[in-house]
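A short reminder: the numbers here are calculations on the coordinates, not readings from a lab. Because the structure is predicted, anything quoted here is derived from the model rather than measured. In this analysis, Cβ positions are derived from the backbone assuming ideal geometry, glycine residues included, and neighbour counts consider all displayed protein chains.
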Amino acid sequence: MWMEDDKGRPGFQDEEIQGAPPVVSRAELREKRMSEKITLNRYLYLQGQQFEHMLLAALDLQALLEILLVSMPRHFAFRVSELWLYDPEDVLAGLIVGNHRYGNHLQLQHDAFPMQELYDLEPDIALIDATDSRMFEVLKTEHGIEYALLLPLMDSGRMIGSLHLGLQDESLVSGEEDEGLVAHLAAVISACFKMAVTRQQVSQLTLLDPLTQISNLRGFEKDIAREISRARRADQPVTVLMMEVDEYDDLHESYGERRGHFVLKKISERISSDLRATDMMARLSRQKFAVLIPGSGEVLGQEIAERMRRDIEDFAIDDGRGAVLQVTVSIGLVTWEPNSYPAVDMPQLARQMETAGKKALGIAQSKGGNQVAQCRLSTLLV
């Protein structure tokens, strides 16, 4: 309202306008922003601590890749993550099981130059935006990525990989404290990756069958437990085939151990050549094999099993000494469908699938061999 000041001049009286937000001073606004920044830093610190514990708990290379490519984006609310690894001699390609499932999000590089080219003079953490030419090299398959955080993975001053994180905005890594946290995580990831590779190389010696160079029983038990857990998360079925060479004892007695081993190796190679990159094969005992087929339901599993049976039946094995050997196999099949058999205890489910597969194999053998038989999981898994 109007009033006169102490000198008799008219003017407005200071009063609060109804419905208007309260007046905030610059000091109060600065304090509010500082409080929000502290809250964000604390959130990132706690998330970083939890993530570091996840990394250190990774038991093998597969578990570490799952954390980096699947769990990490969810944990920090990133859009996506992508990992390039330097693998000039295909060592990692031999260690990583089913690496094709990650698509372009996991790339094994024979040449270190493409990775080094992403960084300036020194490999250091870099935050780039959509206008940066490097965005055309990383995260190509993703749309709606405004920023990319590039983390070099180092080992004794040598670049061993590059982790790329797709962001919608730069707020998560906008301060020095945030950059310090990211740098620390990059160092932890590098160390964990080196340990995982070493552990995997040592473990592989005990998980591989020396004759066929596929997984042994111990390796298969790890594979099936891991793949069932993954199938459950993806809400997809998984099929296991148990397979045994018919009348192998007679073959071994007639032709000797050397030719018997030769036949087993050729059968392994024949079946492995027809498998997808995500499928896994193992030798469980002398003449018994298993095939793990992720994403396969009953119908597809039966088709694959029957195709394998016919393929081995028609397979003429030349032993290189003028003799042609022909064998047959019996196959037992079991499928887990998440909708039909909900499960909570994954280790128990893996054991039940192995038991059901062996039972189905026994049924196939009882019919004279060279057969495919199926056994269903008849009880509710809890």
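Okay, here's what the table says:
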{"read-out": "Inter-centroid distance (Cα atoms) of the stretch 261-337 relative to the stretch 165-244, Å", "value": "27 Å"}
{"read-out": "Within the stretch 217-374: Cβ-based charge dipole about Cα centre, in debye rounded to nearest 20 (Lys, Arg +1; Asp, Glu -1)", "value": "480 debye"}
{"read-out": "The stretch 88-131 versus the stretch 342-366: alpha-carbon centroid distance in Å", "value": "39 Å"}
{"read-out": "The stretch 217-374: Lys pairs at Cα distance under 15 angstrom, eight or more positions apart or on different chains", "value": "6"}
{"read-out": "Inter-label distance, nm, simple model (7 Å from Cα along the C-beta direction), L121/A323", "value": "7.1 nm"}
{"read-out": "Distance (nanometres) between label positions extended 7 Å along Cα→Cβ at D169 and S133", "value": "3.1 nm"}
{"read-out": "Sites T206 and K140, calculated FRET efficiency, Cβ-Cβ separation with R0 45 Å, nearest 0.05", "value": "0.70"}
{"read-out": "Length added when fully stretched, Q109-H261, from 0.36 nm per residue minus Cα-Cα", "value": "51.1 nm"}
{"read-out": "Inter-label distance, nm, simple model (7 Å from Cα along the C-beta direction), S340/R376", "value": "0.6 nm"}
{"read-out": "Stretchable slack from A57 to R307, in nm (0.36 nm times residue separation minus alpha-carbon distance)", "value": "85.9 nm"}
{"read-out": "Using a Förster distance of 22 Å, the FRET efficiency for A183-Q47 (Cβ separation, nearest 0.05)", "value": "0.90"}
